[in-house]
Each structure stands twice: as C-alpha cells, then as structure tokens.
Amino acid sequence: MTSRLKLICLIYFLFSCFISCKDEGKTRYLIGFSQCTGGDKWRQTMHEEMRRELSFHPDVELLIKDAQGDNKTQKKHIQEFIAAGVDVLIVSPNEAKPVTPEVNDAFNRGIPVIIVDRRTDSKSYTTYIGADNFEIGKAAGEYIAKLLKGKGKVIEVWGLRGSTPAQNRHAGFKNIMNKYPDIEVIAEVEGEWEIETAKSGLLKVLKQHTDTDLVYAHNDMMALAAYQVAENMPSVNSNLKFIGVDALPGPNGGIQFVADNMVDATFLYPTGGEEAIRTAINILEGKVVDKEDMLETIVIDSSNVRVMQLQTSKIINQQKSIQRQQAMLDEQTRLYRIQRFVLWGILAVLVGIVFLGTYILSRLRTKYEAEIRKKETVENYNYSVKEKKQYNNAAETPKVVQENPDNIFLKKLNDIIHENLSDSTLNVAMICKALGMSRIQVYRKVKSLLDCGVNDYIKTVRLDKAKTLLSEKNNLSISEIAYQTGFSSPAYFSTTFKAKYKISPSEVQNKA
Ligand code: FRU
C-alpha cells in the first residue's frame, strides 16, 4: 500500500469513527436497585414511579433485581451490583440484619447508597428515603384509642419481624397503647406482609377471640385478609374494625378498601420511588443530599376518602397523560436518531467516494506519466544514439540534454541494455552489477521512474529496437532481428511482438 493510500485510509477511518462516536459522547450512568420483593402492588407502584422519573434522564439506566423475599438472594444481588461498579446503589432491604454487611461494603467502597422504605442495621448509607414508621405506629395507636373510646380488644398483624417498618409500626403503636390500659392487645399474628400468610394466622386467632374489637395490620393487604376472614366467620364480632397502612390509590389499593367500607382507616405510606431516582440524579450531578429524607403521612378514613379518591384519580390521569406524551417523545427521538444516522451514513459514503475517486485518479495519472516517461526514455535513447553517430562522424560528442540524476540513471540503464541487447541471458543481476547498485535499489528506481519491473523494461527495449529494425530497409530476416534483439527463439519473439503491438513482425516488415 502506498503511503498516500495509507493516509487516505487513516483519514477515512478517523472520519467514520467520528461519525459513529458522535452519540457516544454522552455519559451513561447505571443505577442498581436491589428490591426485596417485587410482586405486590405497592412495589410495582414504586417501580412505575422510578421509571416515570427516569424517563426525564435518558442517559441514566436503572437495573432492578428482585430478591423475592429471600435474604440470601438479596445479598448476592448487592454483591453483583458492587462488582458491576454501579454509579448509585438503591436498596430496599428484605430484613435489616442479613443484608447490612453487603450494604456497608458498598458504602465503604465509595458507592453512594440510597436506602428506601426498610432500613439496614447501620448508618452506613448516603440517604434514607421513607416515611417515619414509628410515627405511623403512634398515629395508628392514637386513632385506634379514639375509635375504641379507650377500651377494647385488639389483634396486631405483623409484617416481617426482621424488617424495620414492622418493628417500628409495632413500637410506635405499643408506645401509645401503654397509655391506654383498657385496650388489650390480645394476640399478635405473623403476617410477613403477605395476604395469604396473614389469613392462615388470623383464621386460628379470630376463631379463639371472636370478641375482638379491632385488627391493626401493618399493611392494607393484611387488613384486607382480616376483613375477608371475618366476613366468612359468623361467630366473630359484627362490629369488628380494621386498620391498615399504605393507602395505595387505584383499584385494589388501600384507599379503595376504605371507600368500600372494608377497612376503617389506612395510613399513607409513600413508596419513595420517585424521590429515590431524584436523589440518585442529584448524587450523580454532585449535589449534596440529606441523610434522612422523611416522607409525609396522613390518615385516610370515611371523613376524607372521597377527596383523596378524587385527588389520586386526577394524579393517575395526569401521570397517564405524561406517559403518553413520553411515549410520543420517545418515538420522535427514535425517528430523529434514525434520520441522523442515515444522513451521516450518506455523508460517510460520499466522502468515501471522493477519497477513492481522488486516489484512483492520482494512480492513473502516475501510471500515465510513467508510461510517457518510459516512451520518452526509449525514444530519447534512440535519438541520442543517432545523434552520437552523426557527431562521431563530425568528431564531436553529443550534448547531454538533461543532467539530473534520474536521467543519468536511465541513460546508464539504456546503455547497458543496448550494449547487451543480443544477449538473451541479460538479466537483472547483470544490470545491477553493471550499474553498481543493489537489486532493490534498481528495482525501486525503475518502478518509480518507469512504473514497471526491470525485466519488463528490458523486453520493452528489445521489442522497440526490433520494431525499428523491422521498419528499416536492411536485408535482415525476422529470425536475424529476433536473435539480434536478444530473443531466444523467433517464435517467442513473434508471439511477444504481436502481444505488444497487435501486429505481427512480418506485417511490419511488409509495410516497410
Ligand atoms: C410492600 C410492603 C408494604 C409495606 C412495606 C414495608 O412490599 O409490604 O405493604 O408498607 O412493604 O416495607
């Protein structure tokens, strides 16, 4: 490959790289979210909120790993996120203790850690986002005390014991209950946040305590479980009340349960999905974030449920409209990207064609110039020999027309070939020796000046001389001319001659 071609290829390569890399300039961030369990509506809402917020940040990617309520799986997920080098780690721990070492590890390695909803056992995190579960427990206690007018029997349905919301919702509730000695917590049921687990525990306990006045469940799904169990148990207190936590909007959410009189009151427990992504973005942008981001809570019962329903359905509709607009925007962006890609592609092809055209043209020009020079060299030689003869007669030396090194080289080369023209064994080695140059030097010089190999050039000189002899009036036969110009056989001479001049030696002779 010539150096010019190499340069063209390099420029073209760099240009193509520039085009293909144009879009890669944007920084991409990866947020890893280790979710304790992903199946229930509350967690799904959290994911939707996260995705909605993320749609405003196309350069940020969110990867969610769902541990399906298993501590070991969650530990593994966090380790995988650390190994992947996530830019921000979000964790909603299944239970506090088991995952604390992994979360601490991530934090100590310098990965910003956002804890959502459930806490770990340590303070090694960047931000905690969630409502205050102790306060929720206290608010529930006060509400219950008021509802029961300070007297009655209560069953408490626990969330997962090892999770901090369950511990704190219990602690806050107990804190208030201590002030009401006439309210008796007659049983605690293990609900583990799940409707079915809560149901199986409640079936036994409610059967034993048919005079229960109220069921306080740590979330709405377990409050619904209590309602459904009691509904099918005629012996149970007909005035039994149910209190839950979460207050999700939409069908099958806590607000609807209150509206349908299945649950008496629920306490809003925001998922924090939107806030988690917003905080992650702030961290990525280098902004300072609060260590504790406490979300607001509110009680929803028959007194405000209609207003809440109106508000939440309005919000849901607005969110749907945002999603539709987002989808349209995504489609527009996709089309724009395709168009830009095609445009750059066309441009790259055009530039490629221009480069290639220039290269081919310059090659053709070099070839053409070499061809002319070859022709001129042979002709000049023949002419100078003729001149030499005349001048010799006049006892004068012919003038050397051009004295540049290339011409001197070509003159020497021609001299050697012409002096040995009848020698069919004349070859490159002999020429090199006569010129006092190496094989490669001679090859390069002939190639650059005449654009052909040394042997090719010898053949050109032989044929040219033969053509001159054939056209002259001399009584030489074709065989004699063939031998004189160094061809090993007349037959080979004739074939080579015809191949070059498209006319046979005899035809040239006849014309002459
Ligand atoms: C959802 C959930 C919610 C509850 C929260 C506590 O998985 O059980 O109902 O408020 O988790 O972490």
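Read the figures in this text as sums done on the coordinates, not as results from a lab. For clarity, every value in this text was computed on a predicted model and none was experimentally measured. When we count neighbours, we look across all protein chains shown, and the Cβ atoms used for this are built from the backbone with ideal geometry, even at glycine.
Before moving on, here are some points about what is shown:
- Tail beyond 24 Å, pair distance distribution of region 405-511 (Cα, percent): 28 percent
- Calculated from backbone phi, Karplus (6.51, -1.76, 1.60) coupling profile of region 150-159 in Hz, x at Gly/Pro: x, 8, x, 10, 10, 10, 9, 9, 7, x
- Contour minus Cα-Cα distance for Ser302 and Arg363 (0.36 nm per residue): 13.0 nm
- Put in order of Cβ neighbour count within 10 Å, fewest first, the listed residues Lys199, Lys97 become Lys97, Lys199.
- Gain in span if fully extended, Glu142 to Ala259, counting 0.36 nm per residue against the direct Cα distance: 40.0 nm
- Cα gyration tensor of the chain - equivalent ellipsoid semi-axes, whole Å, descending: 103, 21, 19
- Low-density loop positions, trypsin sites (Lys or Arg not before Pro), region 137-187 - DSSP coil, at most 14 other Cβ in 10 Å: Lys149, Lys151, Arg161, Lys179
- For Lys375 and Asp415, the FRET efficiency from 1/(1 + (r/R0)^6), where r spans their Cβ atoms and R0 equals 22 Å, is about 0.75.
- Amide H within-cut-off set for Leu295, under 5 Å, with H built and near neighbours excluded: Gly130, Ala131, Asp132
- Rounded tilt (10° steps) of 454-471 against the dominant C-alpha axis of the chain: 40 degrees
- Shown in residue order for region 278-288 are the 3J(HN,Hα) couplings computed by the Karplus curve 6.51 cos²θ - 1.76 cosθ + 1.60 at θ = phi - 60°: 4, 5, 4, 5, 4, 4, 4, 8, x, 7, 7 Hz (x for Gly and Pro).
- Label separation (Tyr336 vs Arg161): 5.6 nm, computed from points 7 Å beyond Cα along the C-beta direction.
- Long-range HN-HN contacts of Tyr29 with modeled amide H, under 5 Å: Val60, Glu61
- Loop sites in region 241-335: GluC sites (Glu not before Pro), DSSP, at most 10 other Cβ within 10 Å: Glu285, Glu296
- Potential lengthening between Asn475 and Ser238 on full extension [0.36 nm per residue; Cα-Cα distance subtracted]: 71.3 nm
- Here is how the number arises for the chain: DSSP H runs of 4 or more residues each give -39500 (n - 2.57), the sum is divided by the residue count, and the result at 222 nm is -19500 deg cm²/dmol.
- For Lys374, the aspartates and glutamates whose Cα falls under 18 Å of its own Cα, not counting residues fewer than eight places away in the same chain, are Glu403, Asp406, Asp415, Asp451, Asp456, Asp464.
- Backbone amide hydrogens, once placed in the peptide plane, bring Phe242 within less than 5 Å of Val215, Asp264, Ala265, excluding anything fewer than 5 places away on its chain.
- Short-range pairs are left out: with C-alpha atoms under 8 Å and at least six residues apart, the relative contact order of region 405-511 is 25 percent.
- Applying the Karplus relation 6.51 cos²θ - 1.76 cosθ + 1.60 with θ = phi - 60° to region 304-321 yields 3J(HN,Hα) values of 10, 4, 5, 4, 4, 4, 4, 5, 5, 5, 5, 4, 4, 4, 4, 5, 4, 5 Hz, where x marks Gly and Pro.
- Where labels lie 7 Å past Cα in the beta-carbon direction, separation of Asn175 and Val349 in nm: 7.1 nm
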